[in-house]
1. Quick one: which strands (runs of 3 or more DSSP E) sit completely within the stretch 78-197 and have at least 1 residues that are free of Cβ contacts under 8 Å to residues at least 24 places away in the same chain?
2. Name the single residue that is surrounded by the most Cβ atoms within 10 Å (Cβ to Cβ) among those in the stretch 204-251 being in a loop (DSSP other than H, G, I, E, B) and among the acidic types (D, E).
3. Taking the condition surrounded by fewer than 19 Cβ atoms within 10 Å (Cβ to Cβ), in contact with a helix residue (DSSP H, G or I) (Cβ under 7 Å, 6 or more places away or on another chain) and either in contact (Cβ under 8 Å) with a residue 12 or more places away in the chain or not polar (S, T, N, Q) (or both), does N361 pass?
4. Among the residues of the stretch 326-352, how many are open to solvent by less than 20 Å² (accessible area, probe 1.4 Å), in contact with a strand residue (DSSP E or B) (Cβ under 7 Å, 6 or more places away or on another chain) and modelled with pLDDT under 95?
5. Residues that are without any contact (Cβ under 8 Å) to a residue 60 or more places away in the chain and not in a strand (DSSP E or B): does the stretch 281-300 have at least one?
6. If you check P88, P121, P112, which single one turns out to be open to solvent by 30 Å² or more (accessible area, probe 1.4 Å), at pLDDT 80 or above and at negative phi?
7. Could you please give the count of residues in the stretch 48-77 that are open to solvent by 20 Å² or more (accessible area, probe 1.4 Å), farther than 10 Å from Y115 by Cβ and not in a loop (DSSP other than H, G, I, E, B)?
8. I want to confirm something. Restricting to the stretch 139-156 and keeping residues that are modelled with pLDDT under 90 and not aliphatic (A, V, I, L, M), which single residue is nearest to V213 (Cα to Cα)?
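The values are calculated or read from the model by the stated rules, or taken from the named source; none is laboratory data. Owing to the predicted nature of the structure, the values given are computational and were not obtained by experimental measurement. Cβ placement follows ideal geometry from the backbone for every residue including glycine, while neighbour counts extend to all protein chains displayed. Side chains included, ligands, DNA and RNA excluded: accessible areas come from the protein's heavy atoms. Shrake-Rupley method; radii C 1.70, N 1.55, O 1.52, S 1.80 Å.
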Amino acid sequence: MKNRLLFNALIIFLISGCSNNKPEIKWNFSKDEITGKSSSPSDKLNVDIYLDATTSVMGFNSPTVTNYSTLLDDIELVVKNVWKDSDPKYFKFGTSIDTLTRTQFVEGKTNPKFYSDRFTPNQLDLDKAVANIDPKRVSIIITDLFYKGQDIPKIVSAVNDNCTKKGIEIGVLSVSSLFTGVIADVAPPVTVTGEIRPLYVLILGGKENIQKVFDAFRDKPYVNSDQKFIVTKTPLESYEIKVEKKKDKDNSAINSDQGSVLKYKDFGNVFGFRLKEKDKAAYLTFELTSNLHPAFAKFSANNIKLTAFKKTPGVKDSILTDEVQLNNVKVSGNKITGELKISSDGTDESVSYLINIGFDNTADLQMPEWVKKYDTESYTQSDPKGKTIYLKKLFTEISTYNLTCNNPKLGKFYLYIRQ
């Protein structure tokens, strides 16, 4: 009997020991998934170059040197400087797509006949060009982005389906050039004589390769180098985060416990706390200093959203939780600040949270000032001509879909809380 009692006591001790030493809660602390730094630009990558050959671009054609002709001259050189041993392919598009030789492509500078064949009626079908892109290649589209207003849903849908859903990111460079011709996408058509109009270089590929094109065009005087835009699933280049106990006399339920997470200090995004009073709300403050890609859309506090996931010891998977709530968010320059309310029910002796700071896709991002400058919802003979119809709407809707589809983050951090 005595031996039996000793055996039972030993079993109880072992069971108790196991329950108090559950496997460590593990997360992926690396910031690479937020910044995209694990990817790298390619040295060898093939490129497809598309030239809009509709009537509204024909007016950029000129027997003299213009910004437009210089762009067409430079595009192959830029491509070969960016991607060594690349093999560019050339296309023209309107309502249809046609393949070109390099020589035929260059004719777009000075030969009006380039814009007057069966591929180049008045209607720009950008959606067909986008649908033709090869995800394994970088695509560069030169266009004035001028189309009929009612076609916006079709264009947006094509970009969403053929780019965003497939992980293809979008860069935009703005170029302005002399124009004399007819804008036939609107009714009645508008005649423009000797005025400066905007056109755009769209780069479809990965963020790192888009940046290589941005850099290659940086010193080109005909490119508006400060007029860039990017739609990316990883807009954050880097970030720093600070999380502290809120300094409030009524916030006695929680204290810092950084010693418990000391082994994670090199990650810079893991924070430990001790919850002294169970079933009582506790408050933390955070400051996120973000280094965003400069061509990404701007945002305000209304665009910020927190998503929290919870893990407990011995449980393999995390669960979505509302135990961490975000309050009093402020955005000032590159800093995001706010308060975190922790409402643990006290049933777990220790718990950890993954906190994602991201975007609320129900609130539109703020387009750059240059996009607003060129945007117009009306294009008639009496209106200023240096505009692009529904430019802001196009970029806004594509950006919003990117938030929904790719859920880009502004930062992530981890809270380890002992109770």
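1. Numbers: elements: 89-93, 97-100, 138-143, 169-183.
Because the criterion is at least 1 residues that are free of Cβ contacts under 8 Å to residues at least 24 places away in the same chain, the strands (runs of 3 or more DSSP E) in the stretch 78-197 that meet it are 97-100.
2. Applying the first criterion (in a loop (DSSP other than H, G, I, E, B)) to the stretch 204-251 yields 206, 218-222, 232-235, 246-251.
Pick out the ones that are also among the acidic types (D, E) and you get 219, 248, 250.
Numbers: D219: 8, D248: 10, D250: 8.
The residue in question is D248.
3. Numbers: surrounded by fewer than 19 Cβ atoms within 10 Å (Cβ to Cβ): yes; in contact with a helix residue (DSSP H, G or I) (Cβ under 7 Å, 6 or more places away or on another chain): yes; either in contact (Cβ under 8 Å) with a residue 12 or more places away in the chain or not polar (S, T, N, Q) (or both): yes.
Spelling it out, N361 is indeed surrounded by fewer than 19 Cβ atoms within 10 Å (Cβ to Cβ), in contact with a helix residue (DSSP H, G or I) (Cβ under 7 Å, 6 or more places away or on another chain) and either in contact (Cβ under 8 Å) with a residue 12 or more places away in the chain or not polar (S, T, N, Q) (or both).
4. If we filter the stretch 326-352 for residues that are open to solvent by less than 20 Å² (accessible area, probe 1.4 Å), which is where we start, we get 336, 338, 340, 342, 344, 346, 351-352.
Subsequent filtering for residues that are in contact with a strand residue (DSSP E or B) (Cβ under 7 Å, 6 or more places away or on another chain) retains 336, 338, 340, 342, 344, 351-352.
Next cut, modelled with pLDDT under 95 only: 342, 344, 351-352.
Here the count works out to 4.
5. no
6. On the way: P88 fails: open to solvent by 30 Å² or more (accessible area, probe 1.4 Å); P121 fails: at pLDDT 80 or above.
Going through P88, P121, P112 in turn, just one is open to solvent by 30 Å² or more (accessible area, probe 1.4 Å), at pLDDT 80 or above and at negative phi: P112.
7. Residues in the stretch 48-77 being open to solvent by 20 Å² or more (accessible area, probe 1.4 Å), farther than 10 Å from Y115 by Cβ and not in a loop (DSSP other than H, G, I, E, B): 6 in total.
8. Once the filter is applied, the top-ranked residue is F146.
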